[in-house]
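The structure is given below, and queries will be raised subsequently.
The values are calculated or read from the model by the stated rules, or taken from the named source; none is laboratory data. Being a predicted model, the structure only gives us computed values, none of them experimental. Because the Cβ atoms are built from the backbone with ideal geometry, glycine has one as well, and the counts that use them run over all protein chains shown. Accessible surface areas use protein heavy atoms only, side chains included; no ligands, DNA or RNA. Shrake-Rupley method; radii C 1.70, N 1.55, O 1.52, S 1.80 Å.
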Amino acid sequence: MSISKKQKRRRWEEFIGTVYSIIIYAVLYIPVFVMMMFSFNNQRYNYYWNGFTTQWYSKLFSNSALIESLWYSVVIAVLATLISVTIGTIGALGLKKYEFRGKKFINEMLYIPIIVPEIVMAVALLIIFIKIGLALGMGSILIGHCTFCIPYAVVTIKGRISGDGYSHEEASMDLGANRIQTFINVTLPSIMPGVMSAAFLSFTLSIDDVVMSNMLAGAKNSTLPVLILSMNKSGVTPDVNALTTIMILVIVIAMILNNIIKNALKKRKKMEETI
Amino acid sequence: MKKDTFKRNTLPALAMAGPVSLWMILFVTLPMLYIIYISFMSRGVFGDVVYEFSLESYETLLDSTYFKVIVKSLRAAFLTTVLCIFIGYPFAYYIAKKPKEVASKLIMLIMIPFWTNSLMRLNSWLLLFQTSGPVNNFLQSAGFIDAPMSFVYTDGLVMLGMITNMLPFAVLPMYSSIEKLSKSFLEASADLGATRRTTFFNITLPLTFPGIFSSIILVFIPSLGIYTVTDMLGGGKVLYIGNIIKNQFGAIRNWPLGAALSVLLIVITGLLIFIYTRFAKIEDMEVV
C-alpha cells in the first residue's frame, strides 16, 4: 500500500518535471520559430505579419552587404578556430608537461578573458591597437577572437590530457620515433576529443561574437552579427531572417548526420567485436 | 652537457608553452595594464587622451547619473543570475535524473537554439512584443487589455532577453555537477531515514554548490557587461554599464572615463571570483 503511494508521488513528480521542462524548451525555441516564420513575411520591414512569401530566399543572394558580411564572419571564424586550436593544443601540452618560471602567471592570465566581461577585453585591445598603430579590420578582429578562444581551447584540452604521466610518449620515443612523430601518432590521437570540442567551441564563439567584432571592426567591413546590430534601429529585414534560417537548418542537418554516422560506426565496431 | 639539457628540456618547453604565453602577455596582460593606466589619465579637449595623472574619471563615476547606471546594471545582472539559477536548477535536475542517452539528447535540445544568431533571437522577442505584435493582438482579442501595452524598450523585456540568452550557461554547469553526484550518497541518506526533502537540502544541494557557483560566474559576468541585449531590446532607452563603456570609446570619446568604468567592472568581477574561490576551488570551474 505504501509502495503504491510512493510510486504515485514519483509519477506525479515526474509529470510536474516534464511539464516544467516543456515550458522551458518552449521559451527557448519560441524566438527561433518566430525568426523562421518572419523569413516568410511579405513585408520590407518586419513590423507585423503581412502574408506568406518566399521572395526573401531568392532576394537574399542579391543583398551583397549581407553575403559579404557572412563570408567575412565565416573566414574569421575558421581562421580564429585554426589559430586558437593550434596554439591552444601545444600550449595545453606545454603547460601541463613542463615546469618553468612564470607558469602560474600564464595560467592566471588564461582565466582573464574567461572571467572579465568581454567589453573590457575588447576596449583594452582597442586602445592598445590604436596606440601601436595597428589598422582596425580583419586582423584586429581575428586577434580579438583568438584572445577569447585560446583560453577556452587550453582549458578544454588540458582537461583531456590523461593523468597517467607520459608513459606512451616515452615508449614511442624509446621505439625510435622523434618528437614530431610522437606528437602526431601518439599524443594528438589521445587528446583528439578535446581538440575537436575546442575547435567546435572556438568556431561557435567566434561566429556569433558581437562585442569584440563591433569594437575592433573599424569603419569598413563588418561581421554578420555586427551588421545585424547596426540594423537594429531601422529594423532587421526579412532576408536576414531567411539567411539565419538557412544557417540553423544547415547546422541541425550536419548535427543529425554526425549523429547517424557516429551511431553507425559504433554499431560496426560492436559487430566486429562480437565476430 | 648543459647544452644537451637545453635541447632536451628548455627548447621543447619554449616551443610548446611559448606561443600561448606570448599571446597572453601581448594581448591580455599588456592591454589590461594599459587600460588601468589610461583610467588615471585625463581627457583632452578634442576627445584625445592627455597623459597627465588625474582622478577625474573616478570622480565622475561617483557622480549620481553614472552611479545610478552602475547600481542599475548590478541589480539587473544580480536579478538575471538569481532567476537563471532558480529556473535552471530544477530543469538541470530533471535532465540529470534521466538515463544518460536521453539526457545527452535533452542537452543537445538546449544547445540548438544557441546556434541561431543571438541578436536574431532578441529581434524575435521584439517582433513578438511590439505594439501591433502577436502578444498584444492576443491579449486584446482575448479581452485581457483594451489598448496595446508597450512592452518594447522596457526593463522587463530586457530582462526576458537576458534570461533567455543566459539560461543555458546556468543549466550546463549545474547539470554536470548534479549528474556527477554519486547515487550512493542519496541511498545512504535514505537508508539513514532522511526524507527526500532533508536529503535534498543536506546532501544534493551542498554537493552541487560548485556547479551552482560556476553558473553564477558564467551568468553574472556576461550580464554585467553585455550591451547587445540592452541595445536590441532597450532601444537606447535602457542603459547599462556596457552601453556606457561602448559609448565612451565610440561616440562620446572619453577614453579615461570608459577605462575607469572598465576597471570598475574588473574590480567587481575580481571580488566575485575571490568569493568564488573561497567556496569552491577554481580548478573545479566548469567553463564548458
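What tally of residues in the stretch A:173-220 results from selecting those that are at pLDDT 80 or above and hydroxyl-bearing (Ser, Thr, Tyr)?
Result for the stretch A:173-220: 5.
State yes or no: is A:VAL75 away from every other protein chain (no Cβ under 12 Å), surrounded by fewer than 22 Cβ atoms within 10 Å (Cβ to Cβ) and modelled with pLDDT of 90 or more?
yes
Right, something else. Using beta carbons and a limit of 7 Å, which pairs, at least six apart or on different chains, have the first residue in the stretch B:89-102 and free of Cβ contacts under 8 Å to residues at least 24 places away in the same chain and the second one part of a helix (DSSP H, G or I) and acidic (Asp, Glu)?
Listed pairs, sorted by first residue: none to list.
Moving to a separate point now. Would you mind listing the helices (runs of 4 or more DSSP H) fully within the stretch B:126-220 where at least 3 residues are not hydroxyl-bearing (Ser, Thr, Tyr)?
B:134-141, B:155-180, B:183-191
Next question. Search the stretch B:224-247 for residues that are over 24 Å from B:VAL267 (Cα atoms) and pair each with any residue that is part of a helix (DSSP H, G or I) and modelled with pLDDT under 85 when their beta-carbon atoms are under 8 Å apart and the residues are at least 6 apart or on different chains.
Close Cβ pairs (under 8 Å, with a partner that is part of a helix (DSSP H, G or I) and modelled with pLDDT under 85) amount to B:GLY234/B:ASP155.
Of all residues in the stretch A:127-144, count the ones that are open to solvent by 10 Å² or more (accessible area, probe 1.4 Å) and either more than 9 Å from chain B (Cβ to nearest Cβ) or within 29 Å of B:SER73 (Cα to Cα) (or both).
Summing the residues that are open to solvent by 10 Å² or more (accessible area, probe 1.4 Å) and either more than 9 Å from chain B (Cβ to nearest Cβ) or within 29 Å of B:SER73 (Cα to Cα) (or both) in the stretch A:127-144 gives 12.
Just the residues that are open to solvent by 20 Å² or more (accessible area, probe 1.4 Å), more than 9 Å from chain A (Cβ to nearest Cβ) and assigned to a helix (DSSP H, G or I), please, taken from the stretch B:245-266.
B:ASN247, B:LEU264 - these are the residues of the stretch B:245-266 that are open to solvent by 20 Å² or more (accessible area, probe 1.4 Å), more than 9 Å from chain A (Cβ to nearest Cβ) and assigned to a helix (DSSP H, G or I).
Considering only the stretch B:224-242, state which residues are more than 9 Å from chain A (Cβ to nearest Cβ) and open to solvent by less than 20 Å² (accessible area, probe 1.4 Å).
Of everything in the stretch B:224-242, those that are more than 9 Å from chain A (Cβ to nearest Cβ) and open to solvent by less than 20 Å² (accessible area, probe 1.4 Å) turn out to be B:VAL229, B:THR230, B:LEU233, B:GLY234, B:VAL238, B:TYR240.
OK, next. Only one of B:PHE91, B:PHE86 is in contact with a helix residue (DSSP H, G or I) (Cβ under 6 Å, 6 or more places away or on another chain), of a type in the set (Phe, Trp, Tyr) and closer than 14 Å to B:LEU167 by Cβ. Can you tell me which?
Matching residue, one of B:PHE91, B:PHE86: B:PHE91.
Something else now. Specify the residue that is farthest from B:SER57 (Cα to Cα); the eligible residues are those in the stretch B:13-43 that are polar (S, T, N, Q) and more than 25 Å from the chain's Cα centre (by Cα).
B:SER21
Between A:ILE180, A:ILE207, A:ILE191, which is under 10 Å from the mean Cα position of the chain (by Cα) and either surrounded by fewer than 14 Cβ atoms within 10 Å (Cβ to Cβ) or not basic (Lys, Arg) (or both)?
Answer to the check: A:ILE207.
Among the residues of the stretch A:89-112 satisfying the criterion of being open to solvent by less than 30 Å² (accessible area, probe 1.4 Å) and at the interface with another protein chain (Cβ under 7 Å from one of its Cβ atoms), which is farthest from A:SER202 (Cα to Cα)?
Restricting to residues being open to solvent by less than 30 Å² (accessible area, probe 1.4 Å) and at the interface with another protein chain (Cβ under 7 Å from one of its Cβ atoms), the top hit is A:TYR98.
One line per residue, one yes/no per condition, for (1) polar (S, T, N, Q); (2) under 25 Å from the mean Cα position of the chain (by Cα); (3) more than 9 Å from every other protein chain (Cβ to nearest Cβ):
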{"residue": "A:SER4", "(1), (2), (3)": "yes, no, yes"}
{"residue": "A:LYS8", "(1), (2), (3)": "no, no, yes"}
{"residue": "A:TYR48", "(1), (2), (3)": "no, no, no"}
{"residue": "A:GLY51", "(1), (2), (3)": "no, no, yes"}
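Just wondering, is there one or more residues in the stretch B:45-60 that are exposed (fewer than 13 other Cβ atoms within 10 Å of the Cβ), more than 7 Å from chain A (Cβ to nearest Cβ), among the acidic types (Asp, Glu) and not in a loop (DSSP other than H, G, I, E, B)?
Yes, that holds for at least one residue.
I would also like to ask the following. Could you list, in sequence order, all residues of the stretch B:153-186 that are within 13 Å of another protein chain (Cβ to nearest Cβ) and among the small types (Gly, Ala, Ser)?
B:GLY161, B:ALA170, B:SER176
For A:THR274, all conditions in the list (1) among the polar types (S, T, N, Q); (2) within 12 Å of chain B (Cβ to nearest Cβ); (3) open to solvent by 30 Å² or more (accessible area, probe 1.4 Å) hold save one; what is the number of the exception?
(2)
Can I ask one more? Give the residues of the stretch A:88-98 that are without any contact (Cβ under 8 Å) to a residue 40 or more places away in the chain and part of a helix (DSSP H, G or I), sorted by residue number.
Of everything in the stretch A:88-98, those that are without any contact (Cβ under 8 Å) to a residue 40 or more places away in the chain and part of a helix (DSSP H, G or I) turn out to be A:ILE90, A:GLY94.
In the stretch B:250-257, is there at least one residue being modelled with pLDDT under 85 and either aliphatic (A, V, I, L, M) or over 22 Å from B:ASP63 (Cβ atoms) (or both)?
yes
Could you identify the single residue in A:ILE251, A:ILE184, A:ILE260, A:ILE191 that is in a helix (DSSP H, G or I) and within 11 Å of chain B (Cβ to nearest Cβ)?
A:ILE251
Let me ask something additional. Answer yes or no: is there a residue in the stretch A:256-270 that is crowded, with 21+ Cβ neighbours inside 10 Å, closer than 29 Å to A:PHE33 by Cα and of a type outside the set (Phe, Trp, Tyr).
no
Which of the residues belonging to the stretch B:107-125 are open to solvent by 20 Å² or more (accessible area, probe 1.4 Å), in contact (Cβ under 8 Å) with a residue 40 or more places away in the chain and either in a loop (DSSP other than H, G, I, E, B) or aromatic (Phe, Trp, Tyr) (or both)?
Listed by number, the list holds a single entry, B:PHE114.
I would also like to ask the following. Somewhere in the stretch A:35-44, is a residue over 24 Å from B:ASN117 (Cα atoms), over 25 Å from the mean Cα position of the chain (by Cα), among the polar types (S, T, N, Q) and open to solvent by 10 Å² or more (accessible area, probe 1.4 Å)?
no
Can you find a residue that is of a type in the set (Gly, Ala, Ser), under 30 Å from B:PRO31 (Cα atoms), touching a helix residue (DSSP H, G or I) at 6+ places or on another chain (Cβ under 9 Å) and buried (at least 19 other Cβ atoms within 10 Å of the Cβ) anywhere in the stretch A:232-244?
no
Do the conditions hold for A:ALA219, that is, is it open to solvent by 20 Å² or more (accessible area, probe 1.4 Å), more than 22 Å from A:THR53 (Cα to Cα) and either in contact with an Asp or Glu (Cβ under 8 Å, 6 or more places away or on another chain) or not in a helix (DSSP H, G or I) (or both)?
Yes: the conditions hold for A:ALA219.
For the stretch B:82-99, which residues satisfy the criterion of being closer than 12 Å to B:TYR175 by Cβ and assigned to a helix (DSSP H, G or I)?
Scanning the stretch B:82-99 gives B:GLY88, B:TYR89, B:PRO90, B:PHE91, B:ALA92, B:TYR93, B:TYR94, B:ILE95, B:ALA96.
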